[in-house]
1. Provide the per residue accessible area, probe 1.4 Å, for the stretch 42-170, rounded to a whole number of square angstrom.
2. On a 1.4 Å probe surface of the protein chains, which of Thr92, Thr122 comes out largest in accessible area, and what is the full order?
3. Can you compute the FRET efficiency between Glu28 and Ala128 using 1/(1 + (r/R0)^6), with r the Cβ-Cβ distance and R0 = 22 Å? Round to the nearest 0.05.
4. In the P(r) worked out for the chain, what percent of Cα pairs fall beyond 20 Å?
5. Output the relative contact order of the chain, whole-number percent, from Cα pairs under 8 angstrom with separation of 6+ residues.
6. What's the angle, to the nearest 10 degrees (0 to 90), between helix 56-80's Cα axis and the longest principal axis of the chain?
7. What whole-number volume per residue, in cubic angstrom, does the convex hull of the C-alpha atoms of the stretch 36-97 give?
8. Ignoring ligands, DNA and RNA, what percent of the accessible area of the stretch 82-142 is carbon or sulfur (1.4 Å)?
Amino acid sequence: MRRRLYFMVPDVRRARLIRDELLLARIEDNNITLMAKDGVPLTGLHEASILQKSDFVHGAETGLAVGGGIGILAGLVALVFPPAGVDMQLVTVLVTALIGAAFGAWVSSMVASSIPNSRLKTFESAIAAGHVLMMVDVPSGRVSEIRQMIAAHYPEAASSGIEPTIPAFP
């Protein structure tokens with residue numbers, strides 16, 4: 001299992017130095033992503049993806065649950081009040097639940113992709129002021145080691161929290 005560590009770094013130069021230190025500590029480069037205000041060049045560094053910048057994942061999860069629930073209700077209504085001349089089976093509930101879940105996840109994730117990530121709201125003012133947010137995904141057993149290493153070598157990199165679990169795909 002991995003944990004996401006957040007560090008607020010004063011500038012891109014220090015972010016590069018910290019990234020190099022993390023690479024030496026055997027943290028893979030694709031597990032180190034950065035977020036800065038528009039116009040700040042992050043050449044050679046991994047910029048945060050749309051999945052990390054937006055509430056896409058949370059929206060998909062919510063839409064999946066709500067759409068599935070509505071699909072179950074629609075299937076039950078179809079069983080109780082079947083259309084004329086159609087013999088409904090119990091599998092109708094399963095099919096409508098799956099269709100509702102898929103549709104709900106799709107619609108909700110599309111809407112949520114335009115909403116900034118609620119977990120990153122606390123960092124907005126610092127990013128707007130020119131700081132750089134580093135998101136480092138580390139194995140859960142190495143969290144304290146990595147935090148101590150960065151604090152010892154780069155005290156200006158403010159540790160800004162730990163996300164207890166991270167999604168598997170962003």
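1. On a per-residue basis, 58 Å².
2. Thr122, Thr92
3. In this case the efficiency is close to 0.15.
4. 60
5. Values: 266 pairs, mean separation 76.2, N = 170.
Relative contact order of the chain: 45 percent.
6. 10
7. Values: hull volume 7.5 nm³, N = 62.
It is 121 Å³ per residue.
8. On the way: 2510 of 3560 Å².
So the carbon and sulfur contribution to the accessible surface is 71 percent.
The values are calculated or read from the model by the stated rules, or taken from the named source; none is laboratory data. From a predicted model like this one, the values you see are computed outputs, not experimental measurements. Counting neighbours? That spans all protein chains shown, and the Cβs are built from the backbone with ideal geometry, glycine included. Only protein heavy atoms, including side chains, enter the accessible area calculation; ligands, DNA and RNA are left aside. Shrake-Rupley method; radii C 1.70, N 1.55, O 1.52, S 1.80 Å.
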